[in-house]
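J.: Here it is, the structure, as structure tokens.
The values are calculated or read from the model by the stated rules, or taken from the named source; none is laboratory data. This one's a predicted model, so the numbers in the text were calculated from it and none came from an experiment. Here Cβ is always computed from backbone atoms with ideal geometry, including for glycine, and neighbour counts include all displayed protein chains.
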Amino acid sequence: MSDPILTGEGLKKYFPTRNGVIKAVDDVKFQMEKGEVLGVVGESGSGKTTLGNMIMGIYPPTSGTITFKGQPLPSRAKERPIQLRRDIQMVFQNPASSLNPRRSVRQALEVPLGISRDSRSMAERVDRLLETVELPIEYADRYPEELGGGEKQLVAIARALATDPSLVVLDEPTSALDVSIQAKIINVLMRLKTRLSLSYVFITHNLSLMRNVSDRVMIMYLGKVREVATTEEFFRNPMHPYTRMLLSSIPVITEAEEAVKPQRTQSVGEIAGALNLPPGCSFNPRCSHVMDVCKEVDPPLIEVAPRHWCDCHLYPDEYKATQSV
Amino acid sequence: MALLEVKDLRVNYEVYEGVLKVLNGVSLTLEKGEKVGIIGESACGKTTTVKSVMRLLASNSIMAGGEVRYGGEDVLKMPKRKLSDLRRKKMSMVFQDPSAALNPVFTIKQQLYDIIKFSTDDHLSRGETHERAITYLKQAALPEPDRILESYPFQLSGGMKQRVNIAMALVSANELLIADEPGTSLDVTIEDQIMRLLKKIVDEKGISVILITHALGTVKNFVDRIYVMYAGTIVEEGPTKEVFNNPQHPYTQMLIKAVPKLTGGGVPEGILGQVPSYLKPPPGCRFVTRCPYRMDVCDSVPRMFPAGAGQRAACFLFDEGHRPK
């Protein structure tokens with residue numbers, strides 16, 4: 001049944017700086033099924049974008065491997081065969097800076113279209129691509145400054161789809177947009193996913209959005225995966241104290257949403273600096289359940305409930321107990 | 001008498017391309033001790049509105065009409081001396097980006113001392129100034145205030161910088177505090193802390209508040225009343241609960257619907273189209289280009305009509321003569 005398109009194993013990315021080593025991603029393990037939307041959620045400094053960049057080969061991991069469709073992925077984009085580079089594409093957060101202001105939409109799309117052979121004319125292919133992302137074909141000869149923020153992001157999406165990828169890394173694709181525009185972009189993305197059988201790594205800080213688009217949610221905090229579960233299970237039963245704090249901090253607008261939030265966990269403390277992480281579990285200074293062991297041992301990521309992984313000293317024994325019954 | 005009364009405010013900006021007609025007759029009132037929110041998407045005139053109240057607009061702005069009455073006096077026509085008294089002792093503002101609001105080359109002590117000395121007519125000794133500074137920092141829930149005073153902004157985290165900004169605003173905001181997206185640039189767990197802190201302080205001191213945000217959830221538990229802005233106009237006003245549970249203006253309805261919900265259910269379509277250009281805004285209702293209920297009469301400017309339970313909406317749908325069946 002399991003048909004993983006992308007897996008990561010022992011993935012680390014350390015950045016040496018003058019003042020010490022920043023562990024941006026520290027021993028991350030994940031698995032993603034074909035056709036799935038994997039939501040990578042975290043606050044700033046959690047390593048979510050670093051993870052996305054490693055999948056893209058923008059920079060190589062310090063250690064660990066990424067496997068794509070059963071084959072180990074060369075760590076740098078340059079070392080990847082063109083077919084592989086075509087197959088994994090990325091959409092960045094801010095379309096205003098990811099599009100070249102001096103290139104028309106047509107010019108932006110012709111570059112990636114040019115690397116694959118196709119019997120149709122280039123003009124024809126640009127038109128089809130614009131239709132795919134639900135933009136009018138007249139937009140081909142416009143420049144980014146003539147487009148709204150949402151339209152620019154659709155062009156960026158079209159550019160990513162030009163090479164006919166099967167995996168797209170979406171790095172906060174709607175964070176720079178207004179909520180009324182965000183809805184439109186998300187809907188286009190979800191329609192495209194079904195129609196072109198894509199898989200998405202969806203990086204965001206917005207859990208409310210993840211509730212609506214992802215199949216699986218992965219929570220990161222200071223370079224570590226803290227909790228992974230299917231979206232249903234995740235929102236029904238958030239287990240990690242950090243996840244609960246995060247969920248209870250989300251500003252919501254309806255009473256029904258308030259009911260979903262774990263009410264007892266109030267946000268306290270600060271996110272630790274990346275250069276001086278606390279020993280043990282990096283969340284321990286903010287955790288309301290902190291125990292002595294948390295200050296010494298970083299808990300491993302283990303399956304604490306069926307298809308629900310969490311790294312917290314609170315859980316392993318309880319689950320084992322329920323399993324043996 | 002209302003503490004603050006903005007009447008039919010019109011503000012334009014002169015730019016290279018021409019004149020941006022931004023605020024198009026904005027009216028709002030704030031009673032003593034009341035907390036109101038202004039919500040709307042980017043560039044809808046929220047910040048321009050509150051900056052007019054403090055007379056902090058950029059030099060290319062043109063006051064094209066209307067008045068701002070604070071305690072009965074017109075702020076826009078006030079002599080400099082009086083305006084300065086207002087800013088020293090009555091009202092202050094917390095800005096969106098805590099790093100940009102602090103001067104990077106001075107310690108917190110130098111900056112906070114300056115504000116404290118500026119805000120009073122008495123001559124304060126060094127000891128007294130220090131004492132007051134510590135009090136304000138403590139009110140803003142900053143641990144180790146003595147260490148904070150000696151720090152430069154770069155030595156503090158984003159959350160702490162925003163707390164320092166709140167402390168600085170409290171020095172002068174004895175009657176009115178304007179908070180312009182105070183949590184937007186912070187992580188969600190930190191934003192939650194900042195918003196709870198702000199609410200506690202203003203409730204204890206009975207300070208009136210104008211809270212600006214584009215994140216609808218953050219105002220919900222904070223303010224008594226909400227103004228919804230769209231393209232430089234106020235489209236709906238009413239009690240917070242009513243506006244969220246039973247929005248009346250088509251824009252408010254669509255905006256609230258477009259927010260992804262923590263309870264799931266998919267993302268709705270959002271609002272099609274773009275915000276009109278301020279260079280050539282529609283002559284009447286400014287939402288007309290995106291409104292599904294568009295009528296002929298919408299080419300004239302709608303006044304605020306009573307709508308729903310205690311709300312008012314600037315829409316001809318609520319005018320007896322124009323109401324469709």
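J.: Identify the residue in the range A:169-181 that is of a type outside the set (Val, Ile, Thr) and touching a residue at least 24 places away in the same chain (Cβ under 8 Å) and, among all such residues, is nearest to the other protein chains (Cβ to nearest Cβ).
T.: Taking the candidates together, the pick is A:Asp178.
J.: Just to verify a result, which residue in the range A:34-63, among those that are in contact with an Asp or Glu (Cβ under 6 Å, 6 or more places away or on another chain) and of a type outside the set (Ser, Thr, Tyr), is surrounded by the fewest Cβ atoms within 10 Å (Cβ to Cβ)?
T.: A:Lys34
J.: Take the residues of the range B:189-213 that are buried (at least 20 other Cβ atoms within 10 Å of the Cβ) and over 23 Å from B:Pro145 (Cα atoms): which is nearest to the other protein chains (Cβ to nearest Cβ)?
T.: The selected residue is B:Thr213.
J.: When the range B:30-77 is examined, which residues are found to be closer than 20 Å to B:Ile212 by Cα, surrounded by fewer than 17 Cβ atoms within 10 Å (Cβ to Cβ) and among the hydroxyl-bearing types (Ser, Thr, Tyr)?
T.: Correct list: B:Ser42 only.
J.: Here is a further query. Out of the range B:223-273, which residues are touching a residue at least 40 places away in the same chain (Cβ under 8 Å) and in a helix (DSSP H, G or I)?
T.: B:Thr240, B:Glu242, B:Val243, B:Pro250, B:Tyr251, B:Thr252, B:Leu255, B:Ile256
J.: Do we find a residue being among the charged types (D, E, K, R), buried (at least 19 other Cβ atoms within 10 Å of the Cβ) and touching an Asp or Glu at 6+ places or on another chain (Cβ under 9 Å) anywhere in the range B:301-310? Talk me through it step by step, then tell me what you get.
T.: To start, the set of residues in the range B:301-310 that are among the charged types (D, E, K, R) comprises B:303.
From the residues that got through so far, the ones that are buried (at least 19 other Cβ atoms within 10 Å of the Cβ) too are none.
No, that holds for no residue.
J.: Also, quick follow-up: For the range B:234-247, which positions are away from chain A (no Cβ under 12 Å) and either crowded, with 24+ Cβ neighbours inside 10 Å or out of contact with any Gly (no Cβ under 7 Å at 6 or more places or on another chain) (or both)?
T.: B:Ile234, B:Val235, B:Glu236, B:Glu237, B:Gly238
J.: Here's something else I'd like to know. Specify the residue that is surrounded by the most Cβ atoms within 10 Å (Cβ to Cβ); the eligible residues are those in the range A:264-286 that are in contact (Cβ under 8 Å) with a residue 40 or more places away in the chain and within 10 Å of chain B (Cβ to nearest Cβ).
T.: Residue satisfying both the conditions and the ranking: A:Ile271.
J.: I'd like to verify a number: residues in the range B:135-163 that are closer than 16 Å to B:Lys200 by Cα and not hydroxyl-bearing (Ser, Thr, Tyr), how many? Full working, then the answer.
T.: As a first pass, look at the range B:135-163 and keep what is closer than 16 Å to B:Lys200 by Cα: B:135-142, B:162-163.
Filter once more, keeping what is not hydroxyl-bearing (Ser, Thr, Tyr): B:137-142, B:162-163.
Number of matching residues: 8.
J.: For the range B:149-169, which residues satisfy the criterion of being crowded, with 24+ Cβ neighbours inside 10 Å, of a type in the set (A, V, I, L, M, F, W, C) and either within 11 Å of chain A (Cβ to nearest Cβ) or more than 16 Å from the chain's Cα centre (by Cα) (or both)?
T.: B:Val164, B:Ala167, B:Met168 - these are the residues of the range B:149-169 that are crowded, with 24+ Cβ neighbours inside 10 Å, of a type in the set (A, V, I, L, M, F, W, C) and either within 11 Å of chain A (Cβ to nearest Cβ) or more than 16 Å from the chain's Cα centre (by Cα) (or both).
J.: Identify all residues within the range A:203-246 that are of a type in the set (Asp, Glu) and within 9 Å of chain B (Cβ to nearest Cβ); write none if there are none. Before you say what the answer is, go through the steps one by one.
T.: Kept after step one, since they are of a type in the set (Asp, Glu), are these residues of the range A:203-246: A:215, A:227, A:232-233.
If the condition is that a residue be of a type in the set (Asp, Glu) and within 9 Å of chain B (Cβ to nearest Cβ), then A:Glu232 is the only one that fits.
J.: A follow-up question, please. When you go through (1) surrounded by fewer than 24 Cβ atoms within 10 Å (Cβ to Cβ); (2) more than 18 Å from the chain's Cα centre (by Cα); (3) within 12 Å of chain B (Cβ to nearest Cβ); (4) touching a residue at least 24 places away in the same chain (Cβ under 8 Å) one by one for A:Lys261, which number turns out not to apply?
T.: So the condition that A:Lys261 fails would be (4).
J.: With the requirement that a residue be more than 9 Å from every other protein chain (Cβ to nearest Cβ) and in a loop (DSSP other than H, G, I, E, B), what does the range B:274-288 give you? Steps first, answer last, please.
T.: If we filter the range B:274-288 for residues that are more than 9 Å from every other protein chain (Cβ to nearest Cβ), which is where we start, we get B:276-288.
Residues satisfying the conditions are B:Pro276, B:Ser277, B:Tyr278, B:Leu279, B:Lys280, B:Pro281, B:Pro282, B:Pro283, B:Gly284, B:Cys285, B:Arg286, B:Phe287.
J.: Take A:Ser175 and decide whether it is surrounded by 18 or more Cβ atoms within 10 Å (Cβ to Cβ), more than 13 Å from A:Val105 (Cβ to Cβ) and among the small types (Gly, Ala, Ser).
T.: Criteria not met by A:Ser175.
J.: Which members of the range A:135-168 meet the condition of being part of a loop (DSSP other than H, G, I, E, B), closer than 23 Å to A:Lys34 by Cβ and either of a type in the set (A, V, I, L, M, F, W, C) or within 13 Å of chain B (Cβ to nearest Cβ) (or both)?
T.: A:Ala162
J.: May I ask you to list the residues in the range B:88-112 that are touching a residue at least 12 places away in the same chain (Cβ under 8 Å) and assigned to a helix (DSSP H, G or I)?
T.: B:Arg88, B:Lys89, B:Pro98, B:Ser99, B:Ala101, B:Ile108, B:Lys109, B:Gln111, B:Leu112
Results for (1) loosely packed, with under 15 Cβ neighbours inside 10 Å; (2) farther than 18 Å from A:Leu192 by Cβ; (3) under 28 Å from the mean Cα position of the chain (by Cα), shown as yes or no for each residue.
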{"position": "A:Pro74", "(1), (2), (3)": "no, yes, yes"}
{"position": "A:Arg80", "(1), (2), (3)": "no, yes, yes"}
{"position": "A:Met90", "(1), (2), (3)": "no, no, yes"}
{"position": "A:Asn94", "(1), (2), (3)": "no, yes, yes"}
{"position": "A:Ser97", "(1), (2), (3)": "yes, yes, yes"}
{"position": "A:Pro112", "(1), (2), (3)": "no, no, yes"}
{"position": "A:Arg120", "(1), (2), (3)": "yes, yes, no"}
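J.: Would a scan of the range A:10-20 turn up a residue that is closer than 13 Å to A:Ile203 by Cβ, touching a Pro at 6+ places or on another chain (Cβ under 8 Å) and at pLDDT 95 or above?
T.: No: the range A:10-20 contains no residue that is closer than 13 Å to A:Ile203 by Cβ, touching a Pro at 6+ places or on another chain (Cβ under 8 Å) and at pLDDT 95 or above.
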